[in-house]
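Data block below; observations after.
None of the figures in this text is laboratory data; all of them are computed from the coordinates on show. Keep in mind it's a predicted model, so treat the numbers as computed, not measured. With ideal geometry, Cβ positions are generated from the backbone for all residues, glycine too; neighbour counts draw on all protein chains shown.
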């Protein structure tokens, strides 16, 4: 029984308080052999699905964790799968009848068994360059895992500033509740976007760049020192974190309207 089913059964008198307490205790932390522990109740408590950081995990362990996670907390986002394991884990999911959404230019996959219910929240996602798409796609997968609809536009960086304005109009027409902006190099795009809209903007510095301030350091410093209000910043390449923040804002906005 999932958390909602337990509470409904208690309300209807189908189970006792003692039984409900016992069942609820199972919805806290689950140990998977000696390799992992995951927070079963996160989705119900915070609205954020289970995320598995796959980098440096052995394929055999990743398969065990994924099966345990998807049985308890559908959907599950697996981030940064090793390139050598990407096709194998995708084939493994097909064999176990687990549906997937795969991002462009990224090795992150969203796994789910039931169709994800749309929350009504709307999230906009932009990138400064084509090299930033992989990070933006992680944000999209996370936002969609949380039930949001995403309006995306990639490669709109300030090297051609005129490209930004039609996209801003598109975001406003789509009535997005939050905008994720991914940028490397000097990381200026989030500040520009934030200066043009009354919508919360989440800046994601990407590790695109070279020389002084390489690997996203210059972009991070630039965003943290932005003069425009209404811009928040996550860590370098943290598209998943940005997607979670944007989706939380969007979903809360929908609940307030209701």
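Relative to the longest principal axis of the C-alpha atoms of the chain, give the angle of the C-alpha long axis of helix 59-72, reported between 0 and 90° and rounded to the nearest 10°.
Here the helix axis deviates by roughly 70 degrees.
Want the number for residue 195 to residue 22: 0.36 nm per residue separation, take away the alpha-carbon distance, what's left?
Details: separation 173, 0.36 × 173 = 62.28 nm, distance 5.15 nm.
The span from residue 195 to residue 22 would gain 57.1 nm if fully extended.
Zone of residue 227 (label point 7 Å along Cα→Cβ, backbone N under 13 Å): which residues in the range 181-198?
Of the residues in the range 181-198, 191-192, 195 have backbone N under 13 Å from the label point off residue 227.
Which shape class, rounded, prolate or oblate, goes with the range 100-193 when its Cα gyration tensor gives a ≥ b ≥ c as root eigenvalues, a/c under 1.5 marks rounded, and past that a/b bigger than b/c marks prolate? Walk me through the numbers before you get to the answer.
Working: a/c = 2.86, a/b = 1.49, b/c = 1.92.
Here the range 100-193 falls in the oblate category.
Going by how many other Cβ atoms sit within 10 Å of their own, how do 86, 111, 53 line up, fewest first? Don't skip to the answer; put the middle values down first.
Values: 86 16, 111 25, 53 13.
Fewest-to-most Cβ neighbours within 10 Å comes out as 53, 86, 111.
On a full-extension model of 0.36 nm per residue, what is the gain between residue 114 and residue 175, subtracting their alpha-carbon distance, rounded to one decimal in nm?
On the way: separation 61, 0.36 × 61 = 21.96 nm, distance 2.72 nm.
Once the chain is fully extended between residue 114 and residue 175, it gains 19.2 nm.
Top mean-square fluctuation among 163, 122, 140, Gaussian network model of the chain, C-alpha springs under 10 Å?
For the chain, modelled as a Gaussian network with Cα springs under 10 Å, the answer is 163.
Where does each of 244-250, 99-105 land if you order them by average Cβ count within 10 Å, highest first? If you can, show how the numbers build up before the last one.
Working: 244-250: 24.6, 99-105: 15.3.
Per-residue Cβ counts within 10 Å, averaged per peptide and sorted highest first, yield 244-250, 99-105.
Would you kindly calculate the translational diffusion coefficient of the chain, applying Stokes-Einstein with the Kirkwood radius from alpha carbon pairs, for 37 °C and a viscosity of 0.692 mPa s, and quote it in µm² s⁻¹ without decimals? The partial results should precede the final answer.
Numbers: Rh = 19.4 Å.
Here the translational diffusion coefficient equals 169 µm²/s.
Given 20 °C and 1.002 mPa s, compute D for the range 122-257 with the Stokes-Einstein relation, Rh being the Kirkwood radius over Cα pairs; round to the nearest whole µm²/s. Provide the component values of the computation, followed by the final result.
Details: Rh = 14.2 Å.
Reported coefficient: 151 µm²/s.
Which residue fluctuates the most in the chain, going by a Gaussian network model with Cα springs under 10 Å, if the choices are 120, 203, 216?
120
For the chain, what is the mean residue ellipticity at 222 nm derived from helices alone (per DSSP H run of n ≥ 4: -39500 (n - 2.57); sum divided by total residues; nearest 500 deg cm²/dmol)? Don't skip to the end; give the middle numbers.
Numbers: 10 runs with 105 residues, N = 258.
Calculated at 222 nm, the ellipticity per residue is -12000 deg cm²/dmol.
Within 10 Å of each residue's Cβ, count the other Cβ atoms and sort 254, 233 from fewest upward. Walk me through the numbers before you get to the answer.
Numbers: 254 17, 233 21.
With the sparsest Cβ surroundings first, the list reads 254, 233.
So how do 182, 201, 60 line up by other beta-carbon neighbours within 10 Å, fewest first?
Numbers: 182 34, 201 28, 60 9.
Placing the least packed residue first, the sequence is 60, 201, 182.
Mind checking the full-extension length gain between residue 55 and residue 102? Use 0.36 nm per residue of separation minus the Cα-Cα distance, one decimal, nm. Numbers along the way, then the final one.
Numbers: separation 47, 0.36 × 47 = 16.92 nm, distance 1.65 nm.
Gain in length upon complete extension: 15.3 nm.
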